[in-house]
1. Please list, short to long, the whole-number percent of alpha-carbon pairs of segment 62-101 in consecutive 10 angstrom bins beginning at zero.
2. Taking Cα centroids, how far is segment 103-117 from segment 15-45 in Å?
3. Quick check: pseudo-label points 7 Å beyond the Cα along Cα→Cβ at residue 3 and residue 91, how many nm apart are they?
4. Could you work out the relative contact order of the chain, using alpha carbon pairs under 8 angstrom and six or more residues apart, expressed as a whole percent?
5. For the chain, what proportion of DSSP beta bridges, expressed in % and rounded to the nearest 5, is antiparallel?
6. Would you compute, from DSSP H runs of 4+ residues alone, the mean residue ellipticity of the chain at 222 nm, taking -39500 (n - 2.57) per run and dividing by the full residue count, rounded to the nearest 500?
């Protein structure tokens, strides 16, 4: 097994002991992204909508750095500090994904890093040639 570490300046830098993503064979494991703006490393201004958009932008940047795109994501995990925000995720998600959508889980949590309201991680698989 050979693993490749994925890194891009277009997504927030790791705020702990982890990599933005790790590629093994044709599978990329994307670490959780919170709504940090890469240039400032601060939570995006605004409400839950802006936070969700920023998380998708961050995930997309890591996907691109790995040689793929959001369309290559097969599993998406969403962590929300308020499950009342779940309908907002459903409204915004089609902006970034088209059918067939990836498998998905949405989990309510008590808190997230830097007091963000949303975090997402994903598994991306490259298409076979």
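1. Bin by bin from 0 Å, the calculated values are 23, 49, 25, 2.
2. Their Cα centres are 15 Å away from one another.
3. The two pseudo-label positions are separated by 3.9 nm.
4. Relative contact order of the chain: 30 percent.
5. So the antiparallel bridges amount to about 80 percent of the total.
6. -7500 deg cm²/dmol
Rule-based calculations on the coordinates, nothing more; no lab input. Bear in mind the structure is a predicted one, so any value in this text is a computation, not a measurement. Because the Cβ atoms are built from the backbone with ideal geometry, glycine has one as well, and the counts that use them run over all protein chains shown.
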